[in-house]
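In what follows, a structure is listed as structure tokens, so that the remarks can point back to it.
The values are calculated or read from the model by the stated rules, or taken from the named source; none is laboratory data. Remember, predicted model here, so these are calculated numbers, not experimental data. Positions of Cβ are backbone-derived with ideal geometry, glycine not excepted, and every protein chain shown enters the neighbour counts.
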Amino acid sequence: MKKRIAALILAVLCILTCLTGCHDKQINGEDIKGSEIKIFLSELVYDLDPAYCLNNDSALQICGLLYDTLFTIDANGKLQKSLVDNYKIIKDEKNDEYIMQLELRDDTSWSDGVYVSAEDVVFAWKRILDASNNSDAAALLYDIKNAKEAKAGDCSIDDVGIYAVDELVLQISFVGDIDYDAFLLNLTSVALAPLKEITVSANVDWSKKPATTVCSGPFMIRRVNYGTDTDNKANVEYTQIILERNPYYRRTADAKYVDTSVTPYRLILDFAYASKEDTVSMAKENVLNKYVNGTEDEKVFYIGDIALSQRAAQKDNATVTDLMSTHTYYFNENAEILKKDGTTEKLFANKNVRLALSAVIDRNAIAEAVVFAKAADAFVPNKVFNVTSAKEEFRTVGGSLISTSADTAKAQSLLAEAGITASDWTFTILVRAEDEVHMQIATMVSEAWMSLGFNVNVKAQTPDVNDDKLAGEDVKDIYDDTFNEKYYDNNYEVIAVDVLANAPTAMSFLAPFATGYSGQGQDMSAAELLSATPSKCGYVSEAYDAKFNEIFSVYTAAERAPLLHEAEQILLEDMAVMPVIFNQNATLCSGDLTDVTMSYYGFHIFTKASLKNWINYIETTLPEEEETAAP
């Protein structure tokens with residue numbers, strides 16, 4: 001009750017602060033609440049649900065600004081408490097159970113002023129574990145009692161060992177005496193960030209609209225502007241997302257000003273989505289020009305994604321770091337692929353075909369073309385922990401597992417062994433239309449596959465305008481991420497994705513391909529449920545499944561590490577997925593902008609960002625059509 005009273009006091013103080021105009025700077029009679037920093041952070045995004053941003057680095061970057069996680073990992077790879085204030089491990093002797101209690105901070109709230117509560121964590125995790133939902137992050141929670149069983153539909157979601165025992169106290173029951181340090185690393189995942197049930201349940205498109213998106217991180221969404229739309233597709237001339245300081249983030253009830261924890265008032269995220277007359281790269285070049293030569297009204301101070309055409313020229317100017325991210329091609333083994341005679345067969349169910357398609361790829365050439373990348377010599381990328389520390393990386397221990405150069409003769413031999421005449425087959429690579437790097441890679445990959453004789457198309461998947469009705473009214477500025485819909489529904493033949501770390505461990509990369517650990521949803525209305533959830537992209541291997549059962553039969557990260565290496569080797573011997581490059585992060589930061597930091601995941605952190613002479617760049621009014629997020 002005391003915490004609820006404190007939250008009420010906090011909300012009243014915020015209102016009074018706004019009414020009394022506590023800020024000491026004004027322009028044309030308007031109160032100025034802090035700096036407004038124009039940046040170009042990423043490609044355009046259409047959905048900011050933290051549970052479904054794990055194959056899109058652009059969405060993940062923005063979600064990292066909007067949602068707070070229970071723990072974080074700093075730039076040095078050290079675990080840090082974030083929403084969690086304290087935690088302890090308890091042995092329940094009576095029930096022979098091991099329990100963890102997490103106490104959440106009492107000084108941070110959602111952007112509507114309501115405390116982030118233990119119930120919000122319970123809801124978010126049970127949403128991921130719901131048998132009818134898809135989630136690549138589900139296996140991160142499988143050390144929790146009944147979590148795996150609930151995901152498989154073998155028990156009720158209410159039987160999962162996650163409980164809110166108090167407003168700010170979360171209790172977790174485990175399957176045994178697990179490796180708690182490893183479990184805490186999982187809780188750094190944005191996918192496991194708390195969510196408000198009332199917000200998520202009220203509107204299926206809640207994460208696509210400022211007015212229905214409530215945030216727990218340092219920033220909240222103020223406005224989304226997708227610009228001009230003329231052909232029912234998101235082919236627009238100008239786009240922008242404006243983020244504002246979350247006035248309730250890390251703010252105690254006695255805080256005097258709204259800006260004690262977050263320095264910038266606004267982050268203006270410009271996007272370089274091309275008009276019909278321009279390419280995406282041309283639009284990005286224009287952003288770079290704003291960074292180098294922009295006047296006060298259009299100056300860009302930070303670039304988190306450099307135009308592909310300008311990368312070589314900016315290589316020495318950029319700050320480059322490795323990401324825990326692998327650009328990967330998934331083969332849908334269940335897809336019926338068209339043959340010349342009009343029939344169809346499951347081409348990618350043939351292991352030798354997958355191996356041939358991988359063998360002909362020159363990963364070194366692709367990495368060189370992308371500039372900020374390394375040729376992938378395995379699936380799990382750099383920076384991933386081997387056990388529970390950044391001191392020893394999984395990739396360093398595991399070494400190279402696949403060739404980074406092309407071997408056309410080997411590819412042809414594998415196809416001959418499989419009895420495949422490449423020219424008989426036609427298939428399509430699905431790629432995000434807004435990602436110029438992915439499009440460039442798809443061009444190079446398709447050319448390599450066509451050199452074997454295959455007929456390969458590249459489909460640039462654009463989002464669709466959502467013309468659904470809400471409360472009988474048209475809903476504006478909502479776009480459906482049809483690429484993600486096809487990805488999660490396994491509705492593709494070949495798909496190009498960035499596989500991003502759910503957690504800094506190999507488990508987050510490897511689990512989705514094991515039957516029963518993938519997080520794939522099931523049709524809960526079916527008369528008979530599958531005994532175990534299917535694997536990602538239709539891959540089924542008794543050896544791989546057995547290896548993951550062995551992995552979860554032991555509890556410590558040290559015991560699991562060698563087994564995860566064995567699992568990765570099985571996955572790549574079958575070429576169930578085709579790694580292409582290890583992604584890197586390259587940024588440009590103006591000398592006028594300081595205190596921008598980065599997490600171990602590669603999230604850009606602007607919480608304390610300081611802009612020199614910021615008053616000169618203020619835009620005091622927003623267009624009338626802006627839509628305001630709560631509060």
Practice problem: Considering each of LEU415, LEU452, LEU401 in turn, give the residue that is over 30 Å from THR344 (Cα atoms) and not hydroxyl-bearing (Ser, Thr, Tyr). | Solution: LEU401
Exercise. Among what's in the stretch 479-519 and is surrounded by fewer than 24 Cβ atoms within 10 Å (Cβ to Cβ) and farther than 18 Å from ASN56 by Cα, pick the residue that is modelled with the highest pLDDT.
Key: GLU493
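Here is a yes/no grid of residues against (1) outside the structural domain of TYR555 (by TED's automatic domain parsing); (2) within 19 Å of the chain's Cα centre (by Cα); (3) in contact (Cβ under 8 Å) with a residue 60 or more places away in the chain:
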site: ASN134; (1), (2), (3): yes, yes, yes
site: TYR142; (1), (2), (3): yes, no, yes
site: ALA147; (1), (2), (3): yes, no, no
site: LYS151; (1), (2), (3): yes, no, yes
site: SER156; (1), (2), (3): yes, no, no
site: ALA164; (1), (2), (3): yes, no, no
site: GLU167; (1), (2), (3): yes, no, yes
site: TYR180; (1), (2), (3): yes, no, yes
site: PHE183; (1), (2), (3): yes, no, yes
Quiz item: Quick one: is ASP574 surrounded by fewer than 20 Cβ atoms within 10 Å (Cβ to Cβ), modelled with pLDDT under 95, over 17 Å from PRO381 (Cα atoms) and of a type in the set (D, E, K, R)?
Solution: no
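Among the strands (runs of 3 or more DSSP E) contained in the stretch 182-280, which hold 1 or more residues that are under 20 Å from ARG432 (Cβ atoms) and modelled with pLDDT under 80?
Numbers: elements: 219-225, 239-245, 266-271.
Hits in the stretch 182-280: 239-245, 266-271.
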Self-check item: Residue that is farthest from ALA511 (Cα to Cα) [pool: residues in the stretch 118-135 that are in contact with a Phe, Trp or Tyr (Cβ under 9 Å, 6 or more places away or on another chain) and assigned to a loop (DSSP other than H, G, I, E, B)]
Solution: ASN134
Practice problem: Confirm whether SER156 is of a type in the set (Ser, Thr, Tyr) and either over 23 Å from TYR248 (Cβ atoms) or touching a Gly at 6+ places or on another chain (Cβ under 7 Å) (or both). | Solution: yes
Self-check item: Residue pairs meeting the criteria (Cβ under 8 Å; at least 6 apart or on separate chains; first closer than 14 Å to LYS486 by Cβ and outside the structural domain of GLU336 (by TED's automatic domain parsing), in the stretch 421-436; second β-branched (Val, Ile, Thr) and surrounded by fewer than 22 Cβ atoms within 10 Å (Cβ to Cβ))
Solution: none
Quiz prompt | Residue match in the stretch 354-370 (condition: among the acidic types (Asp, Glu), in contact (Cβ under 8 Å) with a residue 60 or more places away in the chain and closer than 23 Å to ILE441 by Cα) | solution = yes
Self-check item: Spans of strands (runs of 3 or more DSSP E) in the stretch 1-116 with at least 1 residues at pLDDT 80 or above and in the same structural domain as LYS145 (by TED's automatic domain parsing)
Solution: 71-73, 79-81, 84-92, 97-104
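Every residue, every condition in (1) surrounded by 20 or more Cβ atoms within 10 Å (Cβ to Cβ); (2) at negative phi; (3) touching a strand residue (DSSP E or B) at 6+ places or on another chain (Cβ under 9 Å), yes or no:
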residue: ASN76; (1), (2), (3): no, yes, no
residue: GLN80; (1), (2), (3): no, yes, yes
residue: TYR87; (1), (2), (3): no, yes, yes
residue: ARG105; (1), (2), (3): no, yes, yes
residue: SER117; (1), (2), (3): yes, yes, yes
residue: ALA137; (1), (2), (3): yes, yes, no
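For the stretch 301-322, how many residues are polar (S, T, N, Q) and either assigned to a helix (DSSP H, G or I) or buried (at least 18 other Cβ atoms within 10 Å of the Cβ) (or both)?
Restricting attention to the stretch 301-322, the residues satisfying the condition of being polar (S, T, N, Q) are 309-310, 314, 317, 319, 321.
After this cut, where a residue has to be either assigned to a helix (DSSP H, G or I) or buried (at least 18 other Cβ atoms within 10 Å of the Cβ) (or both) as well, the list is 309-310, 314.
Total satisfying the criteria: 3.
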